[in-house]
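Asker: Here's a structure for you.
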Number of protein chains: 2
Amino acid sequence: MRATVKDVARLANVSPKTVSNVVNGTVPVSPATRERVEQAMAQLDYVPNFSARGLRNGRTGLIALALPDLATPFSAELVHEIVEVAHGERLAVQLEETGNDPQRELELLTRARANLVDGLILNPVALDQSAVAPGMTLPPAVILGEVQQDIVDGVGVDSVGGARAITRALAEGGRRRIAILGVMRHVDAATAETRTRGYREALAELGIPWDPELEIVCDEWQPAGGAAALAGFLETHEPPEALFCFTDSLAYGALSVLAAAGLSVPGDVAVAGFDDLAMSPYAVPALTSVAFSRRHIAEEAVRLLLEQIDDRGRPPRQVVVPFEIRRRASTG
Amino acid sequence: MRATVKDVARLANVSPKTVSNVVNGTVPVSPATRERVEQAMAQLDYVPNFSARGLRNGRTGLIALALPDLATPFSAELVHEIVEVAHGERLAVQLEETGNDPQRELELLTRARANLVDGLILNPVALDQSAVAPGMTLPPAVILGEVQQDIVDGVGVDSVGGARAITRALAEGGRRRIAILGVMRHVDAATAETRTRGYREALAELGIPWDPELEIVCDEWQPAGGAAALAGFLETHEPPEALFCFTDSLAYGALSVLAAAGLSVPGDVAVAGFDDLAMSPYAVPALTSVAFSRRHIAEEAVRLLLEQIDDRGRPPRQVVVPFEIRRRASTG
DNA sequence: TTGAAAGCGTTACCAC
DNA sequence: GTGGTAACGCTTTCAA
């Protein structure tokens with residue numbers, strides 16, 4: 001059986017309260033007592049019971065991270081940073097997968113495993129504003145991605161700006177037939193919308209007429225989905241001069257299809273992505289992308305969450321992290 | 001303030017125990033009572049307090065998953081499957097990152113956050129047998145990867161067999177100068193050792209003399225590490241006819257370097273990996289790899305863990321999941 | 001600076 | 001089938 005505060009207290013000849021004081025370090029304890037208690041803890045291999053602590057003071061030291069698809073490289077990079085940052089704040093991270101299901105997203109946000117986790121970092125895909133009624137009491141939560149919920153804290157990239165900048169970068173070599181890959185039809189995805197908007201704004205600024213044919217639909221933002229969508233496009237259309245893929249994962253699929261079709265990148269088609277995944281410099285050819293710091297996002301998200309936990313009802317706040325274009329071989 | 005069993009009981013005119021019975025469904029409850037209680041729960045938006053439940057019955061419904069590096073695509077695929085399988089067993093997953101630190105691995109395994117999680121799935125890199133003394137009482141734990149701990153449950157692939165099979169596959173076209181990428185020098189990594197062993201066994205079977213020069217050292221199993229190691233090799237050696245990379249991530253780095261060096265794959269060098277990541281079919285060229293089911297691993301790991309939780313002290317068990325060679329363009 | 005007692009929300013045990 | 005009571009391990013009063 002595992003040792004409890006009582007066991008430690010008995011062995012150290014103190015009261016349970018004193019043991020607690022030593023463990024938590026809030027109240028000063030005399031060095032001699034502290035020494036005795038610490039020795040007793042070591043001897044009994046004492047580990048605090050987090051359930052009991054959580055029950056007593058309403059905090060578990062656990063936060064939940066909910067992402068639509070955990071299997072992607074992007075999720076991995078984000079999870080990694082959030083776990084690391086949370087660890088630095090002595091928080092553990094519990095993982096949830098929402099699978100693009102708005103119902104599941106909403107459920108987490110409202111009911112939550114409300115009493116197991118202190119707060120929630122959520123990357124919703126299809127959660128729309130109206131779902132969260134203003135009256136509801138929400139758990140401390142931070143939304144990742146496009147800012148659409150002004151009721152909750154949010155952290156996101158400037159998707160419109162990034163899309164505009166990368167579209168302009170693709171146009172630099174004089175290319176004007178610029179396509180995008182990743183427009184969503186069946187899902188109401190804010191990220192796809194904002195990136196489309198940035199693309200269109202760039203076209204307007206460049207004086208390039210908008211051609212709806214060049215907005216390639218792809219509901220699955222994975223290499224397989226991107227490959228299938230682009231392959232379908234090439235069956236009925238001339239290749240574009242440039243292609244902006246809404247994520248690097250989509251771009252990998254695109255590069256694969258272009259290589260198979262005997263089209264050279266960037267000779268025939270310049271290709272760019274968004275996210276700048278860790279492996280994008282090692283794509284063939286190395287992929288130009290819109291980069292932003294996952295660490296930065298993680299830090300802001302955890303910080304905002306802790307602020308909310310400490311001060312419920314503080315007004316919601318939005319943070320936008322900056323992006324940067326990384327030019328590599330895929331755009332020449 | 002959040003509703004408790006007492007609030008629900010009062011509203012439904014029953015005792016707290018009855019509410020508990022309804023929630024847990026172990027003891028039969030009359031339909032009428034059940035109806036009243038469920039209505040009261042809905043009305044009060046009742047959510048059970050997991051800390052209290054955990055304190056009371058010694059189970060939290062949380063398991064920990066500890067991986068060396070969460071940022072890799074492989075981790076993402078594994079995490080995804082384990083979270084899904086655990087979810088099916090009504091378990092939540094808490095994530096830990098060990099960063100190849102044996103100290104951290106050992107700490108998790110022995111002390112653990114012992115009272116917050118019911119069990120632990122651990123993918124150790126450098127944990128050696130001797131670290132875990134036979135006398136220690138360990139929490140329920142399952143080790144992922146090479147079977148080296150016969151004190152604990154384990155789930156792994158047949159790394160030796162996979163490495164041998166892929167080496168033989170690389171030799172099929174008559175190639176005899178076959179190199180490997182991913183041998184570890186600074187880390188005592190079981191996976192690297194077993195894959196090296198499989199490679200050497202295949203060479204012996206094929207009658208190909210062993211050349212230590214062709215065992216390329218690379219301590220970092222990422223595209224960047226693989227690229228750097230292979231680039232260094234090519235500076236002082238002729239290119240091999242075939243290259244077995246110990247993971248697909250390493251292979252991505254290798255493909256990138258070979259393309260930059262103007263070497264064709266598979267024309268000049270056939271390349272194969274291990275893991276068969278989701279994006280490997282979309283590498284340029286599509287990557288041949290040793291495949292195994294992450295889902296299978298997840299199912300076995302969670303199953304073994306649950307068995308242990310239900311029956312502490314049952315003798316440790318080892319599971320080996322099968323592999324399969326997936327031939328793609330990178331080997332012709 | 002330390003001790004005693006109460007209570008967090010839940011469920012197991014035992015009565016009815 | 002249902003209700004009381006006690007206990008899980010911890011921390012927060014309040015006293016000394």
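The values are calculated or read from the model by the stated rules, or taken from the named source; none is laboratory data. Since the structure is predicted, the reported quantities are computational estimates derived from the model, not experimental observations. Counting neighbours? That spans all protein chains shown, and the Cβs are built from the backbone with ideal geometry, glycine included.
Asker: State whether one or more residues within the range A:44-67 are in a loop (DSSP other than H, G, I, E, B), closer than 28 Å to B:Asn49 by Cβ, more than 8 Å from chain B (Cβ to nearest Cβ) and among the aliphatic types (A, V, I, L, M).
Answerer: no
Asker: Test each condition in (1) more than 10 Å from DNA strand C (Cβ to nearest atom); (2) outside any helix (DSSP H, G or I) for B:Glu38 and report the one that comes out false.
Answerer: B:Glu38 satisfies all of (1) more than 10 Å from DNA strand C (Cβ to nearest atom); (2) outside any helix (DSSP H, G or I) except (2).
Asker: Follow-up. Of the numbered conditions (1) part of a loop (DSSP other than H, G, I, E, B); (2) in contact with a strand residue (DSSP E or B) (Cβ under 9 Å, 6 or more places away or on another chain), A:Ser264 fails exactly one; give the number of that condition.
Answerer: Among (1) part of a loop (DSSP other than H, G, I, E, B); (2) in contact with a strand residue (DSSP E or B) (Cβ under 9 Å, 6 or more places away or on another chain), A:Ser264 violates only (2).
Asker: Need at least 1 residues that are over 25 Å from B:Met279 (Cβ atoms) per element, so show me which strands (runs of 3 or more DSSP E) inside the range B:144-256 make the cut, counting only ones lying wholly within it.
Answerer: Filter on the range B:144-256 gives B:153-157, B:215-217.
Asker: Being more than 7 Å from chain A (Cβ to nearest Cβ) and under 26 Å from B:Leu250 (Cα atoms) is the filter here; which residues of the range B:73-102 pass it?
Answerer: Correct list: B:Phe74, B:Leu78, B:Glu81, B:Ile82, B:Glu96, B:Thr98, B:Gly99, B:Asn100, B:Asp101, B:Pro102.
Asker: OK, next. Of the numbered conditions (1) in contact (Cβ under 8 Å) with a residue 12 or more places away in the chain; (2) within 16 Å of DNA strand C (Cβ to nearest atom), A:Glu81 fails exactly one; give the number of that condition.
Answerer: Tallying (1) in contact (Cβ under 8 Å) with a residue 12 or more places away in the chain; (2) within 16 Å of DNA strand C (Cβ to nearest atom), A:Glu81 fails exactly one: (2).
Asker: Within the set of pairs 6 or more residues apart or between chains, which connect a residue that is acidic (Asp, Glu) inside the range A:19-38 to a residue that is more than 8 Å from DNA strand D (Cβ to nearest atom) and in a helix (DSSP H, G or I) with Cβ atoms less than 7 Å apart?
Answerer: Short answer, once both residue conditions are applied: A:Glu38/A:Val22.
Asker: While we're looking at this one, here's another question. Please state which one of B:Glu220, B:Glu213, B:Glu205, B:Glu193 is at pLDDT below 95 and either over 27 Å from B:Pro124 (Cα atoms) or within 14 Å of chain A (Cβ to nearest Cβ) (or both).
Answerer: Being at pLDDT below 95 and either over 27 Å from B:Pro124 (Cα atoms) or within 14 Å of chain A (Cβ to nearest Cβ) (or both) holds for just one of B:Glu220, B:Glu213, B:Glu205, B:Glu193, which is B:Glu220.
Asker: Still on this structure, I have one more. A:Leu108 - would you say it is at pLDDT below 85 and within 13 Å of chain B (Cβ to nearest Cβ)?
Answerer: Against the criterion (at pLDDT below 85 and within 13 Å of chain B (Cβ to nearest Cβ)), A:Leu108 qualifies.
Asker: Check off (1) at pLDDT 85 or above; (2) in a helix (DSSP H, G or I); (3) more than 6 Å from DNA strand C (Cβ to nearest atom) for B:Ala32 and give me the number that stays unchecked.
Answerer: (1)
Asker: Inside the range A:59-79, can you point out the residues that are more than 11 Å from the chain's Cα centre (by Cα) and charged (D, E, K, R)?
Answerer: Matches in the range A:59-79: A:Arg59 only.
Asker: OK, next. Tell me which residues, restricted to the range A:267-286, are over 21 Å from the mean Cα position of the chain (by Cα) and within 24 Å of A:Val217 (Cβ to Cβ).
Answerer: If the condition is that a residue be over 21 Å from the mean Cα position of the chain (by Cα) and within 24 Å of A:Val217 (Cβ to Cβ), then A:Asp268, A:Val269, A:Ala270, A:Val271, A:Ala283 are the ones that fit.
Asker: For the range A:49-69, how many residues meet the condition of being more than 10 Å from DNA strand D (Cβ to nearest atom) and buried (at least 21 other Cβ atoms within 10 Å of the Cβ)?
Answerer: 8
Asker: Right, another one. Hey, can you tell me all the residues within the range B:15-48 that are under 40 Å from the mean Cα position of the chain (by Cα), within 12 Å of DNA strand D (Cβ to nearest atom) and crowded, with 17+ Cβ neighbours inside 10 Å?
Answerer: Correct list: B:Val19, B:Ser20, B:Asn21, B:Val22.
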